[in-house]
1. Of the residues in segment B:71-103, how many are more than 9 Å from chain A (Cβ to nearest Cβ), in a loop (DSSP other than H, G, I, E, B) and surrounded by 24 or more Cβ atoms within 10 Å (Cβ to Cβ)?
2. Of the conditions (1) among the small types (Gly, Ala, Ser); (2) within 13 Å of chain B (Cβ to nearest Cβ); (3) farther than 22 Å from A:Gly327 by Cα, A:Gly121 fails just one. Which one is it?
3. How many residues, within segment A:73-89, are at pLDDT 95 or above and facing another protein chain (nearest Cβ under 7 Å)?
4. Can you find a residue in segment A:209-216 that is more than 14 Å from chain B (Cβ to nearest Cβ) and assigned to a helix (DSSP H, G or I)?
5. Can you find, within segment B:248-264, the residue that is farthest from B:Gln224 (Cα to Cα) among those that are without any contact (Cβ under 8 Å) to a residue 40 or more places away in the chain and crowded, with 24+ Cβ neighbours inside 10 Å?
6. Considering only residues of segment B:104-134 that are among the hydroxyl-bearing types (Ser, Thr, Tyr) and over 21 Å from the mean Cα position of the chain (by Cα), which is surrounded by the most Cβ atoms within 10 Å (Cβ to Cβ)?
7. May I ask you to list the residues in segment A:51-72 that are touching a residue at least 40 places away in the same chain (Cβ under 8 Å), facing chain B (nearest Cβ under 7 Å) and in a helix (DSSP H, G or I)?
8. Output the residues belonging to segment B:176-193 that are more than 15 Å from B:Phe283 (Cα to Cα) and either in a loop (DSSP other than H, G, I, E, B) or modelled with pLDDT of 95 or more (or both).
Amino acid sequence: MNEKADVKEQRPTAAMVSSGNAGALSTPWYRGGGLPQGRRAWLDVLFRLQSFVGLLVVFVAAIAFSPRRNGVVLFLDPNNIANVVRAVSVIGIIAIGMTFVILIGGIDLSVGAVMGLAATGSAALLINSDYGIFATVGVILAIGLVFGAVQGWISTSLGIQAFIVTLAGLQIARGLARMWSGGQGIPIAYGDGKNLAPEGFALLNSRVINGLVPVPALIFIAVAAIGIFVLHKTKFARHVYAIGGNERAARLSGVPVARVKVAVYAIAGLLSALAGIVFAGQLNQGSPNAGIGYELNAIAAVVIGGTSLMGGSGTVVGTIAGALLLGILNNVLALNNIDANIQLLTTGIVIILAVALQSIRRRV
Amino acid sequence: MVTRSGKFALGLGLGGITLAASACGAESGTGSAVNGGCTGPDGEYLIGMSQANVAEPYREVMDSDIEKAAAEVPQFEVVFADAAQDNAKQVSDVENFLTQQIDLLIISPNEAAPLTDVVSRAYNEGVPVIVLDRKVEGNDYTSFIGGDNFEIGKAAGEYVANDLLPDGGNVAELQGLPGSTPAQERADGFREGIAGNDGIEIIAEGVGNWLREEGQSQFDAILQANEDIDVVYAHNDPMAEGAYLAAESAARADDLEFIGIDALPVPSGGIKAVMDGRLSATFVYPTGGQEAIDTAADILVDCKTNVPKEQILETQLITEENAAEVYKKKTG
């Protein structure tokens, strides 16, 4: 009995040391003991930029190994670059929300299912219920926000691990999506009149600026910009890093831990819902099976981007780099007609490399 | 410290390069100049085949049919992509094909609505498009090739009415996923097929969702509730096999006839099951792979401009008489 109690007492202290250290590398806020000097500092920079080094390497390799037609590098074709960014937009938007969750040391397994629920709901409201665009978007975003917030609230108020709560959330969101649509995908057709979606919603599958820039990519960029701003400039972000670094210390120093946690899960739900709206618009369909497994792709992007699963350390910029890295990798493999199974394999290897780098970073 | 970490940084770099290097093994293109244009028998043509989900045996067979047929046309090189049942992935697959400047697109869409836009983009860029098995919306494709589930269901019904139960009898039906078009059409067609024989009655309907295990558990229950079943009609072979397993464990397999649909020429498929005596009959649901390559050759090599917009393929009845022969022919 005594020993057990001792262990419990010890744990936070150990966590304080290790994650406090990790936090110091990426956030300037509560870092103790000043800037690392010389060699260390150089290494820190390298590690902080690991996702960019990786992105750069993959980008250069993509150019090198891209098939060519009449001397033109197919990978660099503006349409191809636009395709890559569009293809990562949905995962990217989800992954930005996931970054906040993982920064507090949490996890959200429900994001793919919430995305599916939002995609289904968007189509159902536009087509079956004849809501306008603004009402649809408003209702769906609210559903995502509330769904996330409720998960965060259950997790914090009942002290249940986020892993379990969001695993349950995944099932519930999928079930709701299937109920909403009767298990079927709802095709979105455009026009004026009953059971048709307003033409404006088709903007999501169009390309602007000489027909080159996909609208989902613009939404991704906008969300990314807001995410970067929030994580660099706000008190909320400092609270997020503090909780991830050491929850107990954060609580003792007056951080409203429960409120911040609920807010973080609400953000993840909100962004998943936004991704679902984009997904529905871009594919002209809301399907309850949309987004199966996307939570894992989002986590992969976050981890490759250098965010620690232990919390307290990481950036939105890294996550964006991670998502783009995966997108470019898949694109150049596909352009070379590499088997889809090998694409899975390479994604796995890249994740291992990224996490290996993190582990080294903690030890130096 | 520096050397160790330096090594790891290098490791990341090399890792990335190795990954990309593994990508460069493939042929990068055929160098034909005109997109989708016919340059006759002297040209070389790159064909992109976008598959919805190779994990389904039927689609795996479709891909290998295309591969086999294309091997007979020296001007063709076919590259394959698998969307793993993800509409978004399939859109990207087609976009990547367009980036590679394919001369012709073959696509078996995962679902119609999400793939319609990208297919019509390809078509409007001048790439001929052959759509297999499942349709897209609208008219922006060159040719659709597929089976007719209603006709197949009808053929199954007629086989039961004329050959298995000419004097009438009781049928149990195992249906595919409710709401899916093939399940609906295979059910409706069957009813039309047996309509000519008043003695035949469908006394039990179960939903097996296309799956062997659900076919088994559904038929377990049907056997419990019904003493006098003569024929089991399953909407696909795996469910028929599941029903056979259920009947076998109830020691009633010998009293029943089992028929299925699909007749895939693979070891776990329906033709083998007929050869082994578990199923009495199965009906071929054609993949259209051979016909797709034939059509592609019409368009690209023979410069035909009048390929039919819709090619509906006939089914074939497989019984113990022709099963071994068909299996051998299809597997080469």
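1. Selection size over segment B:71-103: 2.
2. (2)
3. 0
4. Among the residues of segment A:209-216, not one is more than 14 Å from chain B (Cβ to nearest Cβ) and assigned to a helix (DSSP H, G or I), which makes the answer no.
5. In the first step, residues of segment B:248-264 are kept if they are without any contact (Cβ under 8 Å) to a residue 40 or more places away in the chain; the result is B:248-256, B:258, B:260.
Next, from what is left, pick out any that are crowded, with 24+ Cβ neighbours inside 10 Å: B:258, B:260.
Working: B:Phe258: 17, B:Gly260: 21 Å.
Looking at residues that are without any contact (Cβ under 8 Å) to a residue 40 or more places away in the chain and crowded, with 24+ Cβ neighbours inside 10 Å, I get B:Gly260.
6. Just the residues of segment B:104-134 that are among the hydroxyl-bearing types (Ser, Thr, Tyr), to begin with: B:108, B:116, B:120, B:123.
Within this subset, residues satisfying the condition of being over 21 Å from the mean Cα position of the chain (by Cα) are B:120, B:123.
Values: B:Ser120: 17, B:Tyr123: 20.
Applying the filter and picking the extreme gives B:Tyr123.
7. A:Gly54, A:Val58, A:Ala61, A:Ala62, A:Phe65 - these are the residues of segment A:51-72 that are touching a residue at least 40 places away in the same chain (Cβ under 8 Å), facing chain B (nearest Cβ under 7 Å) and in a helix (DSSP H, G or I).
8. Residues satisfying the conditions are B:Gly176, B:Leu177, B:Pro178, B:Gly179, B:Ser180, B:Asp188, B:Arg191, B:Glu192.
The values are calculated or read from the model by the stated rules, or taken from the named source; none is laboratory data. Model, not experiment: these values are computed from the prediction. Note that each Cβ is placed from the backbone with ideal geometry, even for glycine, and that neighbours are counted across all protein chains shown.
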